[in-house]
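Report on the following structure.
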Amino acid sequence: MEKINRSIQCTVEQCRHHCSSCNYCSLDKVLIGTHESDPSQSQCTDCLSFDMR
């Protein structure tokens, strides 16, 4: 049975930590970062805990 962390919603099915049975992450915590020097939009942020399936 998959571990589901209902505190972290996620829709990225390509990530190893995505729960295949629902749109949640299985990690206890995630690291959010940015690829911009001065982020101004949500598209500038990234889940640095992403791990390709």
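Give the residue that is surrounded by the most Cβ atoms within 10 Å (Cβ to Cβ), with candidates limited to residues of the chain that are in a loop (DSSP other than H, G, I, E, B) and among the aliphatic types (A, V, I, L, M). Only one residue fits best here, namely L27.
Scanning region 30-53 for residues that are within 20 Å of R16 (Cβ to Cβ) and not hydroxyl-bearing (S, T, Y) yields V30, L31, I32, G33, D46, C47, L48, F50, D51, M52, R53.
Every number in this text was worked out from the coordinates using simple rules, so none of it is lab data. Remember, predicted model here, so these are calculated numbers, not experimental data. Note that we place each Cβ from the backbone using ideal geometry, even for glycine, and neighbour counts take in every protein chain shown.
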